[in-house]
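Okay, structure first, notes after.
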């Protein structure tokens, strides 16, 4: 029975076919070394649907990914590895389709030129995101967040922040999430969604 090659043996075999000197050999060697390094992938998912005022389904469940922002990632690293103060509660807000031009990795709660918060829903504050204990790298909520529109709106996506004031600029923006097609939510209808943060290890 053949024994599978170890990663080191595989690297040696590939390296034997590469040029011995010059920029190409250095680049190939760098790529090979990077390929062997373990990585951690951070991602987020929103699973949402729209419910009519009569309780029937207007738009069934669908999923779209989030986009990370530096201020949120920095906060996560500072809390985990520098013993900095953690936010005790996180909240979710809606992103309005009107005026949307895009998300940016440098977005903060103070400055996000490409999008505007949608606040036309009946709750007086942004709803809390209260996940259960992490399991297998997944942090999520057991029940969906439900927001009832107080006017007919078009929802482009959601965002996670550490402050609950609607239209507020305080707090830390953790992430934004938008989809290609905005969802029309009639006055009295509800936008329901789960938000999950996923860390995936890779060897």
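Rule-based calculations on the coordinates, nothing more; no lab input. Remember, predicted model here, so these are calculated numbers, not experimental data. Reconstructed Cβ throughout: ideal geometry from the backbone, glycine too, with neighbour counts over all protein chains shown.
Calculated FRET efficiency, residue 61 and residue 167, Cβ-Cβ r, R0 35 Å, to nearest 0.05? With a Förster radius of 35 Å, E is 0.80. Using a simple spin-label model with pseudo-atoms 7 Å out from Cα toward Cβ, residue 89 and residue 54 lie 3.6 nm apart. At q = 0.19 Å⁻¹, work out log10 I(q)/I(0) for segment 60-137 with the Debye formula, treating every Cα as an identical point scatterer and leaving solvent out; two decimals please. Results for segment 60-137 at q = 0.19 Å⁻¹ read -1.17. Placing one equal scatterer on every Cα of segment 122-203 and applying the Debye formula, the log10 ratio I(q)/I(0) at q = 0.26 Å⁻¹ is -1.43. In the calculated pair distance distribution of segment 38-202, what percentage of Cα-Cα distances lie above 22 Å? Result: 40 percent of Cα pairs exceed 22 Å. Spin-label pair residue 133-residue 104: with each label point 7 Å from Cα along the Cα-Cβ axis, the two points sit 4.2 nm from one another.
Taking the centroid of alpha carbons for each part, segment 74-152 and segment 167-187 are 8 Å apart.
The stretch between residue 42 and residue 77, if pulled fully straight at 0.36 nm per residue, gains 11.4 nm over its current Cα-Cα span.
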